[in-house]
Amino acid sequence: MPPVRSYHQHRNTPSPDMVLQAQVSQQRDQTNYLNIFDRWNHSYRQLAPVLESFLRESAELDLALQLHAAGDALTTDETLQVNAALESLEVYNSKICQIRATLGSMRNSFKSLVPISRLPAELIGYILSLSEVKCMTNNAENGPGTRPIVPLANVMLINKRWRRAAVNTPSLWSHLDLVVGGPQEDCYLGRTQLCLTRSLQLPIHVHVIDHRLGYDAKCIRLIELLKPHAHRIASLHLQLGLEQQNDIIFGLFASAARCHAKELCLSNGQLVDETEVSQALSDSRLSHFLLPLQTLAMSGVVLPPNSPACRNLTTLKLVSYLDIATHLTRPDLMATLTCCPGLRSLTLIGYELGNYSPTANTISLPQLELLDLRQATVTQILGIISFITLSSNLQTFCVTFYEDMSEQDAARLWQHLAKAKIKRLFIENAQDIGDLNKLSMFPAALFSHVEELALGTFDFEPDIVVDPLDSSQLPYLRTLHLVGCRVSHSHCRQLVEGLAIDTIGHDWDIQPGEVSAGNVLPIRQRKYLSLCRGEDSLEWPMYTL
């Protein structure tokens, strides 16, 4: 006979209908909260640059009025500038009011939902995961090439529920940043152990950097800690000396039964003989680790020809050490690329093949979408692409512009790119001050499909007038990036006069020293992240913030 329940037991036991209703209500609240949160996040991202533009425009107007002699009447040009600035401020103010009204309505919607401190743990974990950033960004505060660590310690202090939510969200602990050889090595190893435990069985992303590049730090403790989890490593970034790189790769994977790493980045900060290659990438004992790789990026390390690491690559990035050109033989490069028929992205920065000479032997890379051949002259570029058959899939091209480049050089370059429909073009300037007018020597067909143009290290003197980019040459251009360019607001406006530009992105701190005139342009300051130390590589496609 079943036990008789008391009145209180009956009263506190919810019926199946009540449980189902509560679950549906919770799911509805969670969905509504997510929708409102995403809208709030989107609106706030719109508000921040508008406020920045409003403050900058106000500062420029204030400075112009301060420079104007007291008691003197404004000239016609000054009056036009002031009126244009006031119109710009009015536009910005209108946008600010609209966004604030949107945020206000969403704030009222939030009040009808559960307080954020009482959200379901899964939703709190999702919100915290939004602060996660891609491994291997260039963060000055944490050292070159390190990834900013999510401030989980601060999250833990909010309340016990948030602490539990953070601890029980494995994805927050799947990025492991380690510094070897420094005074904080024990702290990093302790945090790594914590991450390995709390990330459960999720794939992990490991980034190891030498405290002082060139310092002979031992990695024995690191290898012992990571070796039981080698099968979980999805990406491995080693910014260490060549010997340390080999020790870690052999120590982790030589005897591993399973390997699932898809990405390997090797960055060597030591000066090495250019004939010294990475032993780990040519050893047959590591074939089970090298064959699954899809992305291989190397800086200051020479890739051995016919390496098993090339078999299934979709991204190959080889960068010479700083400004020291690395010489490749044509047979070695051909052998390497022959092993990578599925390449979608190929980067060779600072590599030389000697003088250009036509060849009958060619390699087909039908899926290639990005080709980056910066820090090489046209002759050197032709020496590389003369034996590569490019298809119409090629959409992104990066090249360094030299002042002594001739129209004949540009024409020969275009002959090899004729099949491509370049939508993203990055032109880097080799000198401190470059003449943009010389870009006209490139055939117009090179720019005819460009939607996104990036100009690198073109500096403009404050007092010069910049000729606008040719609108007939760039009919589809919508986004302009100025990377490492010393520019002013007037330079930006002069550059894009007559173009239907949606966004201008720059990474230069523009100082308020002039009054803007004309239409309001969406000029945004942003950071351009790099993958390996010293290569200054853009992430394509480049989304402006």
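No lab work stands behind these numbers, since they all come straight from the coordinates. Owing to the predicted nature of the structure, the values given are computational and were not obtained by experimental measurement. Every residue, glycine among them, receives a Cβ derived from its backbone with ideal geometry; neighbour counts consider all protein chains shown.
A few remarks follow.
- Mean-position separation - Cα centroids, segment 362-417 and segment 184-209, in angstrom: 42
- FRET efficiency, 1/(1 + (r/R0)^6) with R0 30 Å, evaluated for Glu461 and Ala59 via beta carbons: 0.85
- Compared with the direct C-alpha span, the chain from Thr377 to Arg412 gains 11.4 nm at full extension, assuming 0.36 nm per residue.
- Computed extension length for Asp38-Ile223: 62.5 nm, one decimal, from 0.36 nm per residue of separation with the Cα-Cα distance subtracted.
- Calculated FRET efficiency for the pair Asn306/Ala257, C-beta based, R₀ 35 Å, to 0.05: 0.85
- Our estimate of slack between Lys421 and Asp332, defined as 0.36 nm per intervening residue step minus the Cα-Cα distance, is 29.2 nm.
- Pairwise FRET efficiency - Ile363 versus Ala444, Cβ, R0 = 25 Å, nearest 0.05: 0.30
- Total formal charge among the other residues, if their Cβ is under 14 angstrom from that of Phe387, Lys/Arg +1 and Asp/Glu -1: 0
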